[in-house]
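One structure is given below, encoded as structure tokens.
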Amino acid sequence: MFNAVQPARPTAHAKTTLKPWRAALIGMMAATPSLAVAVAAFAHPAPVQSPAAFASDRLSVEVLGQGPDVILIPGFASSREVWRAEAERLSAAHRVHLVQLAGFAGEPWAHGQGGPFLAPVVGELERYIRERGLKRPAVIGHSMGGLLSLMLADAAPEAVSRVMSVDSLPFFGALFGPTATPETVRPAAQATAAAILSADEATFRRQQAQTAIGLARSPAAREAMVEWSMASDRQALAAAISEVMTTDIGPRLSGIRVPVTAVYAADADGGAPAAMADAMWANAYAALPDKTLVRVDGSRHFIMADQPARFAEAVDAFLAE
């Protein structure tokens, strides 16, 4: 989901010692592509739009297959290609809607530097579901896409049947420590956005490549991640990261009535140790009335790339509920 510049240091108000996996995730939040999927899909992206394109300056959607509807939302700076292998697998029995967010991985951005990022995307997702006549689709989102999925379930509960968040948190600022709040994280978010805008191309690429190591085990996934990041609009990245780091929907989780499955990664070698990941995700999703937590071992942030078979099992169980 994120990656790009090294994350700004927490201020005195959000003081903590970041574990390597947390630093990588925040760094990723700092400004780079989210990535993940099978190696072949990265190397050979499929054509973008469906025949009848959805008119929006916030996102585009490609549709595959027929059957019950499933929406796949990529993360920060990611291409929809992060889902390609899983989308093609699911399309044998589902109608899969592959979302691409504006400003990321070469998708045009027309909104300048400022303004809200997350809420307009949620609004367009809800409009897409309504105008295309989707019957309460299942929604799966990775990283920032997971946050968007939860926000959609909160804003339009009648529009979706269930949500899966993939290595995503209701408040990414929690990576700065258990006492972090949107207010204490805001200076770091602003500094991160400024760093994204000011880095030259060579520096930005080098930072993306370094951060990618902590986000995926797969070298092909890391390479794709960097290229998506480099193709993203810097103003879009800065606008998105400013909001993602300071958005906390934790207080709203108790009102979400659709089932939520939170899939999260654990990796004893360079990622989040299992006990730490268990504690963080259990705490983050504690207020949800209807939740299932699924840990995937041997994976970093891009679970779809690092453990595709295990991820497919989790998706099938989610859709079978």
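The values are calculated or read from the model by the stated rules, or taken from the named source; none is laboratory data. None of these values were measured; they are calculated from a predicted model. In this analysis, Cβ positions are derived from the backbone assuming ideal geometry, glycine residues included, and neighbour counts consider all displayed protein chains.
Of all the numbered requirements in (1) surrounded by 20 or more Cβ atoms within 10 Å (Cβ to Cβ); (2) part of a loop (DSSP other than H, G, I, E, B), residue 257 misses one, and that requirement is (1).
Might you let me know whether the stretch 284-296 holds any residue that is among the hydroxyl-bearing types (Ser, Thr, Tyr), surrounded by fewer than 19 Cβ atoms within 10 Å (Cβ to Cβ) and either in contact (Cβ under 8 Å) with a residue 60 or more places away in the chain or in a helix (DSSP H, G or I) (or both)? Looking through the stretch 284-296, none of the residues is among the hydroxyl-bearing types (Ser, Thr, Tyr), surrounded by fewer than 19 Cβ atoms within 10 Å (Cβ to Cβ) and either in contact (Cβ under 8 Å) with a residue 60 or more places away in the chain or in a helix (DSSP H, G or I) (or both). As a summary of the residue check, residue 211 satisfies the conditions (1) of a type outside the set (A, V, I, L, M); (2) buried (at least 16 other Cβ atoms within 10 Å of the Cβ); (3) assigned to a loop (DSSP other than H, G, I, E, B); (4) at pLDDT below 95 except for the one numbered (3). If you go through the stretch 264-283 one residue at a time, do you hit one that is in contact (Cβ under 8 Å) with a residue 12 or more places away in the chain, buried (at least 18 other Cβ atoms within 10 Å of the Cβ), in contact with a helix residue (DSSP H, G or I) (Cβ under 8 Å, 6 or more places away or on another chain) and in a helix (DSSP H, G or I)? Scanning the stretch 264-283 turns up no residue that is in contact (Cβ under 8 Å) with a residue 12 or more places away in the chain, buried (at least 18 other Cβ atoms within 10 Å of the Cβ), in contact with a helix residue (DSSP H, G or I) (Cβ under 8 Å, 6 or more places away or on another chain) and in a helix (DSSP H, G or I). If the condition is being under 17 Å from residue 235 (Cα atoms) and of a type outside the set (Gly, Ala, Ser), then the stretch 186-211 contributes 190, 192, 196, 197, 200, 201, 203, 204, 205, 208.
Could you say whether any residue in the stretch 298-309 is part of a helix (DSSP H, G or I), surrounded by fewer than 21 Cβ atoms within 10 Å (Cβ to Cβ) and without any contact (Cβ under 8 Å) to a residue 60 or more places away in the chain? Yes.
Quick one: which of 61, 82 is within 15 Å of residue 140 (Cα to Cα), under 19 Å from the mean Cα position of the chain (by Cα) and in a helix (DSSP H, G or I)? Just a single option satisfies the conditions, and that option is 82.
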